[in-house]
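Heads up, the thing below is written out as structure tokens.
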Amino acid sequence: MKTRTANRHFRDSLKSISRNGWMTFASVSAVTVTLLLVGVFVMIMMNLNKIADDLERDVEIKVIVELTADEASITALEEEIKNTPGVAEVQYSPKEDELNKLVMDFGEDLRLFEQQNPLHNVFYAKAANPQETEQVAKKIDRLDNTFEVKYGEGKIERLFSFLNTSRNVGLVLILALLFTAMFLISNTIRITIVARRRDIEIMKLVGATNWFIRIPFILEGMWLGILGAIIPITLVTTLYYNIHKVVAPKLAQGNLFELLDFSPFIYQVNALILLMGVLIGVWGSFMSVRKFLRV
Amino acid sequence: MIEMKNVYKKYPNGIVAANGIDVEIKQGEFVYVVGPSGAGKSTFIKMMYREERPTSGDIFINGTNLSTLKNSKVPYLRRQIGVVFQDFKLLPRLNVYENVAFALEVIEETPKVIRNRVMEVLELVGLKHKARMFPTELSGGEQQRVSIARSIVNTPKLVIADEPTGNLDPDTSWEIMNIFEEINARGTTIIMATHNREIVNTIRHRVIVVEGGLITRDEDKGEYGYEN
């Protein structure tokens, strides 16, 4: 294809956008509504996912060391825990620190125990994959000099199964929404092209090749997608900016979980919205023109 | 230039529109195709630019066998043939200039050549001053002249017209015929299906009569010659 033909297709697609005023408006509105839905939904799902990740990351394994273990065996145990497959990090907390924590939580009275500290030395370990906490904990339990290994047995299983279910439900919902969006938008575009099936027939009779007819339509679909993405991108960005401004400081106090940072998250969502708009526009046009090219 | 050998066409609904047509048309001829409605005139014409394919038999245009021509090559065949339709077939969203230019854009001409050629043929059909108007703003005769301008803008050796005056009043029909005469005088072959007895009997050319899917008469400088 020659450059001037490419230029011609480019101009032709823009001309079509403006000369088919109402059809353009109808398609762009459909794209706008669906992309807005997709954008808001993706925004919510990604944040819920982030919160789920944060919750998971808080799960740790508490390894209580035998009272009889001497310094050398404690160091050895630390090594062994570190070398256990699936362990991401290990933190040692001697019994003095453990007592301090209790004093902080329950008051100065407990300082009495400083004379003779009844607590155990403790290791805090985290699994590389939080979902494997149970298996990792059981492996650590088998090591020498461990008195007890705790990991919130029972509770974390329920947490994980809840998080997994909500993730899957979210994924299914997003896919369903994407599918609906594809269907809705490509149908609207199809209607605008059906209105021009006679044009396509005429172009073929005048000697235009299929690609010569197809390319302006595909470009037009691309413009429809881009135009339809403008409002969703603006709204989603403003919305998230404000939500983030209000909610993030409140969550920061609890430091259990946080929202996704404004950047780069919002740019990723915007890129996704734009990409989807373009893909659906192009795909919709391509499929619709295809039907009428067999003259 | 055009050769049909034993061409037979049966539509899926069982109608036989061509029942063994043999014909030869030479470069530079002006041929009327006449005959009653439903006798196979349109099919005869449509097979020449491959809007319809014969069920059997061969059609040669400039040595190309249309029966074996691949679908992907059809656009290149149509570029060698200018077609004028009874219902004009103009693109409604393009103005007069753009409609005519379209035939040159598909063959990827340079913008300069396109501009010159389009203005030239619009001058020929007398519509230079209406180049920026849209088809809906024109009368039937003017639309037909745009359609003719588009068919000749890439200087084809063959122009096919399917009842080009069918929707026009007598005065406009004569104007259209003058344009065809002028194109023919420049050496372009013209094949024209028509129901217009007056035109056929006044501007004498070769007449091919199609009846019942067969050529029943073929004479030079012939007459319309049957009642309809």
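Being surrounded by 16 or more Cβ atoms within 10 Å (Cβ to Cβ) and within 14 Å of another protein chain (Cβ to nearest Cβ) holds for only one residue in A:Phe123, A:Phe217, and it is A:Phe217. Of the residues A:Gln253, A:Gln268, the single one that is assigned to a helix (DSSP H, G or I), under 21 Å from A:Ile51 (Cβ atoms) and over 22 Å from the mean Cα position of the chain (by Cα) is A:Gln253.
Exactly one residue out of A:Ile64, A:Ile74, A:Ile17, A:Ile51 is modelled with pLDDT under 85 and either among the β-branched types (Val, Ile, Thr) or assigned by TED's automatic domain parsing to the domain that holds A:Ile215 (or both): that is A:Ile51. Just one of the numbered conditions (1) at pLDDT below 90; (2) within 14 Å of chain B (Cβ to nearest Cβ); (3) crowded, with 22+ Cβ neighbours inside 10 Å is not true of A:Met203: (1). For the criterion of being farther than 18 Å from B:Gln143 by Cβ, more than 15 Å from the chain's Cα centre (by Cα) and buried (at least 16 other Cβ atoms within 10 Å of the Cβ), B:Arg197 fails. Restricting B:Ile15, B:Ile59 to those that are aliphatic (A, V, I, L, M), touching a Leu at 6+ places or on another chain (Cβ under 9 Å) and away from chain A (no Cβ under 14 Å) reduces the list to B:Ile59.
Filtering B:Glu98, B:Glu105, B:Glu109 for residues that are more than 18 Å from A:Asp199 (Cβ to Cβ) and within 13 Å of chain A (Cβ to nearest Cβ) leaves a single hit, B:Glu109. Pairs are defined by a Cβ separation below 9 Å, a sequence spacing of at least 6 or placement on different chains, a first member in region A:1-18 that is more than 9 Å from every other protein chain (Cβ to nearest Cβ), and a second member that is of a type in the set (Ser, Thr, Tyr) and buried (at least 20 other Cβ atoms within 10 Å of the Cβ); no pair meets this definition.
In the condition set (1) at pLDDT below 85; (2) surrounded by 14 or more Cβ atoms within 10 Å (Cβ to Cβ), A:Gly107 is compliant with all but (2).
For region B:200-216, a residue qualifies if it is touching a strand residue (DSSP E or B) at 6+ places or on another chain (Cβ under 8 Å) and either surrounded by fewer than 16 Cβ atoms within 10 Å (Cβ to Cβ) or not basic (Lys, Arg) (or both), and the qualifying residues are B:Val200, B:His205, B:Val207, B:Ile208, B:Val209, B:Val210, B:Gly212, B:Gly213, B:Leu214, B:Ile215, B:Thr216. Every listed requirement among (1) crowded, with 21+ Cβ neighbours inside 10 Å; (2) more than 24 Å from A:Asn7 (Cβ to Cβ) is met by B:Ile114 save one, (2). Counting only helices (runs of 4 or more DSSP H) that sit wholly inside region B:54-127, those with at least 1 residues that are at pLDDT below 90 are B:111-124. In this structure, is A:Gly170 away from every other protein chain (no Cβ under 14 Å) and among the small types (Gly, Ala, Ser)? Yes; evaluated as a whole, the condition is true for this residue. Yes or no: B:Ser37 in a loop (DSSP other than H, G, I, E, B) and loosely packed, with under 14 Cβ neighbours inside 10 Å? Spelling it out, B:Ser37 is indeed in a loop (DSSP other than H, G, I, E, B) and loosely packed, with under 14 Cβ neighbours inside 10 Å. Looking at region B:136-228, the helices (runs of 4 or more DSSP H) lying wholly inside it that each contain 3 or more residues that are under 30 Å from B:Leu91 (Cβ atoms) sit at B:140-152, B:170-185. Considering region B:152-165 alone, what residues qualify as being crowded, with 16+ Cβ neighbours inside 10 Å and either in contact with a Cys (Cβ under 9 Å, 6 or more places away or on another chain) or of a type outside the set (Asp, Glu) (or both)? Listed by number, the residues that qualify are B:Ile152, B:Val153, B:Asn154, B:Pro156, B:Leu158, B:Val159, B:Ile160, B:Ala161, B:Pro164, B:Thr165. Looking at this structure, is B:Lys89 within 9 Å of chain A (Cβ to nearest Cβ) and basic (Lys, Arg)? Yes, satisfied. Against the list (1) over 23 Å from B:Phe180 (Cα atoms); (2) surrounded by 15 or more Cβ atoms within 10 Å (Cβ to Cβ); (3) without any contact (Cβ under 8 Å) to a residue 24 or more places away in the chain; (4) in the same structural domain as B:Leu168 (by TED's automatic domain parsing), the condition B:Glu105 fails is (4). Within region A:19-32, the residues that satisfy the criterion of being in contact with a helix residue (DSSP H, G or I) (Cβ under 7 Å, 6 or more places away or on another chain) and either away from every other protein chain (no Cβ under 11 Å) or more than 10 Å from A:Thr192 (Cβ to Cβ) (or both) are A:Thr24, A:Ala26, A:Ser27, A:Val28, A:Ala30, A:Val31, A:Thr32. Among the residues of region A:107-120, none qualifies, meaning not one is under 24 Å from A:Asn83 (Cα atoms) and of a type in the set (A, V, I, L, M).
The values are calculated or read from the model by the stated rules, or taken from the named source; none is laboratory data. As the structure is a prediction and not an experimental result, all values here were calculated from the model. Neighbour counts run over all protein chains shown; Cβ positions are idealised from the backbone, glycine included.
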